[in-house]
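The values are calculated or read from the model by the stated rules, or taken from the named source; none is laboratory data. Keep in mind the model is a prediction, meaning the values are calculated, not measured. Note that we place each Cβ from the backbone using ideal geometry, even for glycine, and neighbour counts take in every protein chain shown.
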Amino acid sequence: MPTLTYLQAISAALRDELRADPNVILMGEDIGVFGGAFKVTDGFVDEFGTDRVMDTPLAESGIIGTAIGAAVVGMRPVCEMQFSDFISCGFDQLVNVAGKMHYRQGLAVPITVRLPSGGGFSGGPFHSQNPEAWFMHSPGIKVVAPSTAADAKGLLHAAIRDPNPVCYMEHKHLYRRVKDEVPSGVFETPFSARVAQPGSDLVVIAYGAMVPMALEAVSDGLDGASVEVLDLRSLVPLDEEAILDSVERCSKVVIVDEANATCAAGAQVAALIAEKGFESLDGPVVRVAAPDVPIPFSPPLEAAVLPGVDRLREACRELLAY
Amino acid sequence: MVDVTMPQMGVSVAEGTIVAWRVEVGDRIEADATIAEISTDKIDTEVPAPASGVVAEILVPVEATVEVGTVLARIATGAGASPPQSLDGEPAGPARAETPSPSPSPSRAPAPSRSGNGHRRYSPVVQRIAAEHGIDLAQVSGTGRGGRVRKHDVLAFVESAPVEEPPLHIESPYRPDPVAPVVDGGGLSRMRRQIGEHMKRSLDTAATCTTWIEVDMSRVELARKRLGVTALAYVSRATVDAIREHPALNAWLEGEKYTRVTDVNLGIAVSLGEDGLIVPVIARAHELSVEGLAARIKDVAKRARARELTPDDVQGGTFTITAPGQYGSIMATPIINQPQVAILDFEAVVKRPVVVTDAEGNDSIAIRSMTILGLSWDHRALDGALSAQFLATIKRLLESV
């Protein structure tokens, strides 16, 4: 099995899909000749041409709107938002048109919107956000967030082949830092959770970049405790069965979001546990998330805002001692 | 400084009597420990210390009776607690050796689970485990914050519980010989027997003939994809319309009694896998649009597979459609569902080269989505010409969708 970075895995999935299905097209700002802001589509235009790897104007609403039109007549467009933050300009097309098309007209909208998200590189408030919860709150849209290179590839294949609009949250911090073995060829990773590390005393529930952070935080066993790490992978649909199974076995739960705390994905997980996992709990459901502030430019301020290893370890220790 | 007061022991109790003091001035006392014994006209009880600290003053002597709320004693708490003074102004003896230490540093943990009267709170999982094992949680010592009983504590308690004596009976070492690896299918299920009897009776009763017709489904394929429904819904609608033109096929023949039915109650054969099949009936199918039929077909199929059909759902059928084409088969000779007089078989839609003729009469070969519709009909009730006309009508309707 080849070892790929998270970014190479995304590129590989896109290339495989373009080769496998003539209906797959890519659209985005500077993804063609320039190869993408993060070079995900570097060289694509040479192999697939400008009709299938389209440089678009700086207009997210136009990108997504065009993709929807193409999708309802049978194409499978993959849109790149240069930074996930810019999705707000395409919000209406995604939430009101794509998300509700099937409900209103019975038509499938098989579009994938790639959202390079997350902070940790002093990108400041317009280039560091994690907007996944916006789309969790809007019916008709699936939301996935890989944390490994293998899942980055498998989830992207599954997203492109899914008949629904899918927001694919790809974390910029993981692009070149995460590297693992990726099966070659096309394979679809199911939209379900994965136990990244089994344990029995406490479970840390995370997704995206918070998964490797959590694995690092609990790598020394936290004073001998057996800590599980559950990687959600998919936020919509949310794998209730896997979450409740971990809660039942571990009875203590810490939920990590890199996103701002209020109404984040973790808040939904916490609500689920309170409602359906109550009888398994042996302590309060603890959340670690970014405070409700914009992401600062300043490196020390950004480090203070984003959840990190120290904060997570502290939260786990407190809960383990409870 | 915290006051110890005469507690309210009940709504009707207004006063209480000191029976004994358990402490002297200068003694250190922990919160909740008994500081005094009291008596009312109803009960004798103990007064717990409201806080940890050093007894600074005792204000009410033994045997004295005072009103509820009267201050009985005072406890000096915290770092400020200094050795109390006895009446002669000298520091009290016992306290001198033991300088009051500051109370334990405040914990950052959630509030301790122990409240004033010794009641403990337990987490949901601890209560559940205790209930499952019949454990009195008061017997379990806690290792969590403030002595809280954690899941680990109650699990350890369960494990440490005395193991029950093994039974005197010793299991026989005899084991039966392993059974040869054949699958014992047993007798036929009730459903299989019923299907068998019904089908055999139909073949024994009816003069069954089968007629086929080839239909170009290209327009249906386009339309159904646009609508997001199955081709079966279109075939059902066309069948209903064809029955309107040829009502003789919508009938029951029982013995020599032939009954033509006005409503089209359309039976749809649904496979239940290995168990068999069932034919739920869509009553008054002629009133439904293609979308409506699609929704009803989906609904009855789902309920059939979930074994949720009611007797009403399978009664009163006037015409049946069977559609096993999902596996690619293209023709069949279905058996008539008695007492109906015909059954339509809809198999796979496959792309084939066919000769098409344009408006000017020019022939060419085109790739079209084709299917073969089969109609098994009862020669006692009708003749081949009518069955062919019926099929031709369905073909015309499907090709002009």
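Which one of these is β-branched (Val, Ile, Thr), touching a residue at least 12 places away in the same chain (Cβ under 8 Å) and either in contact with an Asp or Glu (Cβ under 7 Å, 6 or more places away or on another chain) or not assigned by TED's automatic domain parsing to the domain that holds A:Ser138 (or both): A:Val72, A:Val33?
Exactly one of A:Val72, A:Val33 is β-branched (Val, Ile, Thr), touching a residue at least 12 places away in the same chain (Cβ under 8 Å) and either in contact with an Asp or Glu (Cβ under 7 Å, 6 or more places away or on another chain) or not assigned by TED's automatic domain parsing to the domain that holds A:Ser138 (or both), namely A:Val33.
Which residues, counting only those in segment B:14-52, are touching a helix residue (DSSP H, G or I) at 6+ places or on another chain (Cβ under 9 Å) and surrounded by fewer than 16 Cβ atoms within 10 Å (Cβ to Cβ)?
B:Glu24
Could you say which residue among A:Asp16, A:Asp21 is under 22 Å from A:Gly69 (Cβ atoms) and in the same structural domain as A:Glu170 (by TED's automatic domain parsing)?
A:Asp21
Which of the strands (runs of 3 or more DSSP E) contained wholly in segment A:111-187 include at least 2 residues that are under 13 Å from the mean Cα position of the chain (by Cα)?
A:112-117, A:142-144, A:166-171
Tell me the residue from A:Val309, A:Val286 that is in contact with a strand residue (DSSP E or B) (Cβ under 8 Å, 6 or more places away or on another chain) and under 22 Å from A:Pro212 (Cα atoms), please.
After applying the criteria, what remains is A:Val286.
Sort out which residues of segment A:68-82 are assigned to a loop (DSSP other than H, G, I, E, B) and under 20 Å from A:Ser117 (Cα atoms), and write them in order of number.
Those that are assigned to a loop (DSSP other than H, G, I, E, B) and under 20 Å from A:Ser117 (Cα atoms): A:Met81, A:Gln82.
Taking helices (runs of 4 or more DSSP H) that fall entirely within segment B:189-298, which contain at least 3 residues that are over 41 Å from the mean Cα position of the chain (by Cα)?
B:190-205, B:231-245
Of the residues B:Thr371, B:Thr393, B:Thr333, which single one is surrounded by 15 or more Cβ atoms within 10 Å (Cβ to Cβ) and not in a helix (DSSP H, G or I)?
B:Thr371
B:Ala31: modelled with pLDDT of 85 or more and under 54 Å from the mean Cα position of the chain (by Cα), yes or no?
Judged against the criteria, B:Ala31 is a match.
Kindly provide the set of residues from segment A:23-67 that are part of a loop (DSSP other than H, G, I, E, B) and over 19 Å from A:Lys172 (Cα atoms), ordered by number.
A:Asn23, A:Gly32, A:Val33, A:Gly43, A:Gly49, A:Thr50, A:Asp51, A:Arg52, A:Thr56, A:Pro57, A:Leu58, A:Ala59, listed by residue number.
From (1) within 10 Å of chain A (Cβ to nearest Cβ); (2) at pLDDT 90 or above, pick out the condition that doesn't hold for B:Gly144.
(2)
So, of the residues in segment A:268-281 that are in contact (Cβ under 8 Å) with a residue 24 or more places away in the chain and small (Gly, Ala, Ser), which turns out to be farthest from the other protein chains (Cβ to nearest Cβ)?
This residue is A:Gly277.
Quick check on this structure: which one of B:Leu272, B:Leu266, B:Leu277, B:Leu203 is more than 14 Å from chain A (Cβ to nearest Cβ), touching a residue at least 24 places away in the same chain (Cβ under 8 Å) and surrounded by 17 or more Cβ atoms within 10 Å (Cβ to Cβ)?
After ruling out the rest, the residue left standing is B:Leu266.
Note down all Cβ pairs under 9 Å where the first residue falls in segment A:202-224 and is within 24 Å of A:Leu115 (Cβ to Cβ) and assigned to a strand (DSSP E or B), the second is among the polar types (S, T, N, Q) and modelled with pLDDT of 95 or more, and they're at least six residues apart or on different chains.
These pairs meet every condition: A:Val204/A:Gln197; A:Ile205/A:Ser246; A:Ala206/A:Ser147.
Could you check, for segment A:282-293, whether at least one of its residues is small (Gly, Ala, Ser) and away from chain B (no Cβ under 11 Å)?
Checked against the condition, which is being small (Gly, Ala, Ser) and away from chain B (no Cβ under 11 Å), segment A:282-293 yields at least one hit.
Results for (1) surrounded by 10 or more Cβ atoms within 10 Å (Cβ to Cβ); (2) within 14 Å of chain A (Cβ to nearest Cβ); (3) at pLDDT 85 or above, shown as yes or no for each residue.
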| position | (1), (2), (3) |
| --- | --- |
| B:Arg96 | yes, no, no |
| B:Ser107 | yes, yes, no |
| B:Val126 | yes, yes, yes |
| B:Val158 | yes, no, yes |
| B:Val163 | no, no, no |
| B:Pro167 | no, no, no |
| B:Pro173 | no, no, no |
| B:Pro181 | no, no, no |
